[in-house]
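See below for the structure under consideration.
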Amino acid sequence: ATGQEIADAIVDAGLTCIEVTLTNPGAFSIIESLAKRADVCVGVGTVVDSADVTRAHNAGARFVVSPNTNPDVISATKSAGLISCPGIATATEVGIALEAGADVLKLFPASTYGPSHLKALRDPFPGRLWCPTGGMTVESIPQWFEAGASFVGLGGPLLKGGIQAIPSNVASFIAAISAAREVKS
């Protein structure tokens with residue numbers, strides 16, 4: 001299946017927010033196509049260069065996700081009027097990201113650190129939005145929300161079993177998030 005077919009299948013299955021990473025061939029055209037849909041908020045991921053922020057903005061992306069904390073990318077993102085989600089792993093990176101204007105803090109790679117690391121980072125930075133990604137599983141979602149996640153990012157598990165399995169994978173993901181949020185509130 002093509003990247004466009006996979007993205008459409010994920011959105012058609014019920015996800016309303018999708019990150020298209022620049023590791024996908026044709027990422028900007030996929031973003032442009034999804035941005036025309038009223039039922040989805042689309043963003044760009046794996047952004048390590050501020051030039052890609054401009055291309056993503058022009059394609060219709062509403063948020064920018066990076067694997068690292070790059071103040072130039074954060075600044076370009078904010079200048080374009082987009083939501084900035086830089087990757088962080090340490091308190092120092094959180095401070096740099098927030099000083100540069102980050103909106104959401106992406107703990108990456110989350111599975112390397114675990115939910116207790118998110119909680120430890122969150123405590124000195126209250127009132128922030130946190131999104132762990134990288135190595136997430138549907139089964140681990142409750143622990144991440146208990147630790148203070150605002151959102152979670154999941155990629156590989158949605159694709160397990162091929163394009164025909166996407167609807168049931170997305171349904172499992174949505175159910176896990178709904179259950180975790182109910183417990184949290």
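Applying the Karplus parametrisation 6.51 cos²θ - 1.76 cosθ + 1.60 with θ = phi - 60° to the phi angles of segment 118-133, what ³J(HN,Hα) value in whole Hz is obtained for each residue in order, glycine and proline being reported as x?
Values, residue by residue: 4, 4, 5, 6, 5, 3, x, 10, x, x, 9, 9, 10, 9, x, 9 Hz.
Obtain the nm distance between the two label points defined at H117 and A80 by a simple spin-label model: each point lies 7 Å from its Cα along the Cα-to-C-beta direction.
Result for the modelled spin labels: 2.7 nm.
Relative contact order of segment 9-114: what whole-number percent is it, with Cα pairs under 8 angstrom and at least 6 residues apart?
Relative contact order, segment 9-114: 19 percent.
Give, rounded to the nearest 20 debye, the magnitude of the charge dipole that the chain has about its Cα centre when Lys and Arg contribute +1 at Cβ and Asp and Glu contribute -1 at Cβ.
220 debye
Search the structure for amide H atoms under 5 Å from the amide H of L105, placed 1.01 Å from N in the peptide plane, and list their residues when 5 or more places away or on another chain.
L129, W130, C131
Rounded to the nearest 500, what is the chain's calculated 222 nm mean residue ellipticity when only DSSP H runs of at least 4 contribute -39500 (n - 2.57) each, over all residues?
-13500 deg cm²/dmol
How large is ³J(HN,Hα) for each residue in segment 61-72, as worked out from phi by the Karplus curve 6.51 cos²θ - 1.76 cosθ + 1.60 (θ = phi - 60°), to whole Hz, x for Gly and Pro?
5, 10, 8, 10, 10, 10, x, 9, 9, 10, x, 5
Determine the relative contact order of the chain: mean sequence separation of Cα pairs under 8 Å and six or more apart, normalised by residue count, in whole percent.
Relative CO of the chain lands at 16 percent.
Check which residues have an amide H placed less than 5 Å from C41's amide H, if you skip close sequence neighbours.
C17, I18
What full-extension length gain, to one decimal in nm, is calculated for T137 and S168 as 0.36 nm per residue of separation minus the Cα-Cα distance?
9.7 nm
Under a point spin-label approximation (7 Å from Cα along Cα-to-Cβ), what is the R55-S150 distance to one decimal in nm?
2.8 nm
Net charge within 11 Å of L121 by Cβ-Cβ distance, Lys/Arg positive one each and Asp/Glu negative one each, not counting L121 itself?
+1
Any idea which of Q143, V73, V48 is furthest toward the positive side of the dipole for the chain, if Lys and Arg beta-carbons carry +1 and Asp and Glu beta-carbons -1?
Among Q143, V73, V48, the one farthest towards the positive end of the dipole of the chain is Q143.
Determine, for D103, D123, the number of other Cβ atoms within 10 Å of each Cβ, and report the residues in order from fewest to most.
In increasing order of surrounding Cβ atoms, one gets D123, D103.
Let me know the Rg and Dmax you get for the chain when you use only its Cα atoms, in Å.
Calculated on Cα positions, Rg and Dmax stand at 15.8, 44 Å.
Laboratory data are not the source of any read-out in this text; all were calculated from the coordinates shown. Just so it is clear, the structure is predicted and the values come from calculations on it, not from any experiment. We place every Cβ from the backbone using ideal geometry, glycine too, and count neighbours over all the protein chains shown.
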